[in-house]
1. Determine the equivalent ellipsoid of the range 220-263 by diagonalising the alpha-carbon gyration tensor, then write out the semi-axes as square roots of 5 times the eigenvalues, largest first, rounded to whole Å.
2. I'd like the accessible area for GLU199, computed on protein heavy atoms only with a 1.4 Å probe and all protein chains in place. Round to 10 Å², please.
3. Once neighbouring chains are kept in place and the probe is 1.4 Å, which whole percent of the accessible area of the range 223-362 is contributed by carbon and sulfur?
4. Rank these residues by their accessible area, most exposed first, probe 1.4 Å: TRP193, TRP313, TRP79.
5. Round to the nearest 10 and report in Å² the accessible area of LYS200, as given by a 1.4 Å probe over the protein chains' heavy atoms.
6. Sorting ASP328, ASP211 by accessible area (1.4 Å probe), largest first, what list results?
7. Tell me, what HN-Hα J-couplings in whole Hz come from the Karplus equation 6.51 cos²θ - 1.76 cosθ + 1.60 at θ = phi - 60° for each residue of the range 214-222, using x for Gly and Pro?
8. Could you tell me what a quarter of the Cα convex hull surface of the range 258-362 works out to, in nm² with one decimal place?
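The values are calculated or read from the model by the stated rules, or taken from the named source; none is laboratory data. As the structure is a prediction and not an experimental result, all values here were calculated from the model. Each accessible area value is taken on the protein alone, full model and side chains, heavy atoms only, with ligands, DNA and RNA left out. Shrake-Rupley method; radii C 1.70, N 1.55, O 1.52, S 1.80 Å.
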Amino acid sequence: MPTHSIASYNKSARLFALYQRLPRHEDKAISLTELMSVYGDNPDHYANERKNLENDLASLNQIFNDVFYSDALMRLPVWGQNISGQTARFYIEPSFSIDVINEQTVFFWQMLANYTANYLPTPFKQSISEKLAQLDYQDKYGFNQSRLGQWQDHLITLPSIVQAPNLDSGVLASIHQALLQNRQLQISYQKKWDDSVSEKRIYPRGLVFIDNMMYLTGFYPVEDHIDDNVLLKAHRNFAVNRIEAAEVTEQLVPDWVERNAFTLENLRKLGKLELNHGLKIGLVLKVQKYACQHLYERPLSSTQTITVIDDTWNEVRATVTNTQRLQDWLVSMSQLAVVIEPAQLKAVILKRLESGMKLYTK
């Protein structure tokens, strides 16, 4: 029996001590009477302490549900079921940890490490590796023997052609803080193809991930206006790798930035989160049949249709946003696809292809 019984602790200490004492397997579930051997040691107060033990177990169960969203504290019979004439027994679900380090957590970090290895900047990859090392140290053997852990021998990531840029961890921390605290951000920003660095005050709205690039999206400081289109003129995107310094200010972001019109999803629908040359277009392509197969697997949009023209060509129709990335993809298709409509986009792609051909014919 311990020098100081659990019943003598304050409530928070009692709950933690109970968590430590409860068995981790159904076969070892323990009754209230058995728990009393470590919980209370005063025969004169046995009835009261036993009642406190019941209340503490109920509180611990509530904490697991409210904080960890887990039914980790198991009761036999189950919670809420009448136990009249039965002996209730208790145990902790084996996979649960108060540190929320279970096989699903480790699986998540390992998948993140595998699938983003060539898309995240080096500091991020290093932090993931450190996290995995920490988790492996705590429960390496148990995880590797689990069904989820056995996946790690069946996964591999091939390197991306273009690696992710390096990001400043201090800049990222400031952006994170500003977004969570709804505060304005002062940044030092170097534009592409510009040697000078300019100071900018930003109302940050969120982070945008495009392929292996990360952008801060937000607004330049302007006065509130009844017309959202006027405010949208102050919207900008900033490549995070070109932000040389970022400082969180004491000023809060004005309320208008939080309007529904300026949510990340709505900004995406408006074509504001990447380079674009207009909004939705009706794209019509003529695509070589064998090259069209990946469009069955990965359609350009939910409206895409594919019609067979002949043994060589298919016609692809889709409503898409006319972005720089779309144009880059069309150029990369080269002789495998031809833009039929719209005519303006066809002219842009033709000009880019002809410009490229000139470089190879000199």
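1. Working: eigenvalues 98, 38, 17 Å².
Equivalent ellipsoid of the range 220-263: 22, 14, 9 Å, largest first.
2. Here the residue's solvent-accessible area equals roughly 120 Å².
3. Values: 4650 of 8910 Å².
C and S fraction of accessible area: 52 percent.
4. On the way: TRP193 235, TRP313 50, TRP79 85 Å².
Of TRP193, TRP313, TRP79, the descending order of accessible area is TRP193, TRP79, TRP313.
5. Estimated to the nearest 10 Å², LYS200 gives 30 Å².
6. Values: ASP328 65, ASP211 120 Å².
From most accessible down to least: ASP211, ASP328.
7. Listing the rounded values in order: 10, 10, 8, 10, x, 10, 6, x, 9 Hz.
8. Values: hull surface 31.9 nm².
Reported value for the Cα convex hull: 8.0 nm².
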